[in-house]
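This report concerns only the one structure given below.
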Amino acid sequence: MRPLLPLRLRRAAAGALPRCFGKARRGGSAWRLSIEGNIAVGKSTFLRLLGKTFPEWQMATEPVAKWQKVQASSTRETSSSQNFGNLLQMVYQEPSRWSYTFQTYSCMSRLKAQLEPLSEKLLKTPDPVQIFERSVYSDRYIFAKNLFELGHLTEIEWTIYQDLHTFLLQEFGDRTALHGFLYLQATPEKCLERLHRRGRPEEKAIQLEYLEQLHTQHENWLVKKTTEVHFENLRNAPVFVLNVNHDFEDDPAEQEELMRKVKAFIKTL
Ligand SMILES: Nc1ncnc2c1ncn2[C@@H]1O[C@H](COP(=O)(O)OP(=O)(O)OP(=O)(O)O)[C@@H](O)[C@H]1O
Ligand SMILES: Nc1nc(=O)c2ncn([C@H]3C[C@H](O)[C@@H](CO)O3)c2[nH]1
């Protein structure tokens, strides 16, 4: 495994002072964070709030629509109109058949999102920040790991997935690295309540037990740090835990407080 310097050391080596927020733009870079959290905890809602509060930041939503309608990527010769199916529905209906396919596809779509160049607008911003909804890391250390532990990924599938994941992340190294994580934390019961309220058809059969398993995976990776991770920069990345059990959607004071906390966290990076 090629050793990767922790990102903050690489920034320091390149002359950028990691504690100085204003220097983040040197070398055309931005502060890169991922929002992590259980299904329906409120990541998209939180991302929209961040977008409203900090319109100059660049946000990358989770590409759920692509998973719900898998299409061939278009080339000059082919049109991308053919729909090959709803992979999200397929993985929930038949997890042992479709988990490997899903994780390969979701990992690739997250990798593409993390490799997107900074927008012109962001490049003109003095303190550029990019926020991703989940990451190539949650793909492996939350979902794929959980599916393997549940027996939906076989030993051989899990081995190949991990091999591919490690290879891709080592190859793209710096370009996929994140400076920190915003972990939206709520009880699995609260997530189930929100999941039912949202009513996404593919998720109808999700039971509390699945959300409990995913909650444990998040806690082990981001809070207890007992999950074995394979990337030096990931081991050292700061995690900011935000308790979002409280329904903040109609509470502007709570929203303001959450946004203030995020800004303060970024200033510590
Ligand atoms: N803090 C909150 N208070 C009240 N309702 C919320 C809150 N956050 C989210 N919701 C509601 O919960 C539901 C799920 O939220 P959202 O779609 O943002 O979750 P998510 O974490 O992005 O889900 P997924 O894991 O599927 O991507 C939505 O109906 C949303 O309106
Ligand atoms: N199996 C599986 N692996 C993933 O990496 C993954 N990421 C998200 N999801 C599911 C959760 C929501 O239903 C829906 C939107 O987040 O997609 C995933 N499911």
* Asked: Which one of the conditions (1) surrounded by 14 or more Cβ atoms within 10 Å (Cβ to Cβ); (2) at pLDDT 95 or above; (3) over 20 Å from the mean Cα position of the chain (by Cα); (4) among the charged types (D, E, K, R) does E94 fail to meet, given that it meets all the rest?
  -> (1)
* Asked: Across the stretch 104-145, what is the total count of residues that are within 16 Å of ligand 1 (Cβ to nearest atom) and either charged (D, E, K, R) or farther than 30 Å from I156 by Cβ (or both)?
  -> 5
* To do: Residues being small (G, A, S) and closer than 22 Å to Y183 by Cα: count how many of those fall in the stretch 118-165.
  => 3
* Residue satisfying all of: in the stretch 27-49; away from ligand 2 (no atom under 16 Å from the Cβ) and touching a Leu at 6+ places or on another chain (Cβ under 9 Å); modelled with the lowest pLDDT among these -> G28
* **Residues that are away from ligand 1 (no atom under 15 Å from the Cβ), in contact (Cβ under 8 Å) with a residue 40 or more places away in the chain and either in contact with a Ser or Thr (Cβ under 8 Å, 6 or more places away or on another chain) or not in a helix (DSSP H, G or I) (or both), drawn from the stretch 200-226** => W221
* Look through A237, A205, A186 and report the one residue that is more than 26 Å from Q162 (Cβ to Cβ) and either loosely packed, with under 14 Cβ neighbours inside 10 Å or away from ligand 2 (no atom under 16 Å from the Cβ) (or both). => A205
* Structure fact -> Reported set for the stretch 31-51 where residues are at negative phi and assigned to a loop (DSSP other than H, G, I, E, B) is N38, I39, V41
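Quick check on my filter: what residues within the stretch 117-131 are surrounded by 12 or more Cβ atoms within 10 Å (Cβ to Cβ) and either within 15 Å of the chain's Cα centre (by Cα) or closer than 28 Å to H165 by Cα (or both)?
L118, S119, P128, V129, Q130, I131
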* Asked: out of contact with any His (no Cβ under 7 Å at 6 or more places or on another chain) and not in a helix (DSSP H, G or I) - does that describe any residue in the stretch 154-164?
  -> yes
* Asked: Only one of these conditions is not met by D247: (1) of a type outside the set (S, T, Y); (2) in contact with a helix residue (DSSP H, G or I) (Cβ under 6 Å, 6 or more places away or on another chain); (3) modelled with pLDDT under 95. Which number is it?
  -> (2)
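The values are calculated or read from the model by the stated rules, or taken from the named source; none is laboratory data. These numbers were taken from a predicted model, which means no experiment stands behind them. Don't worry about glycine lacking a Cβ; one is built from the backbone with ideal geometry, like all the others, and counts go over all protein chains shown.
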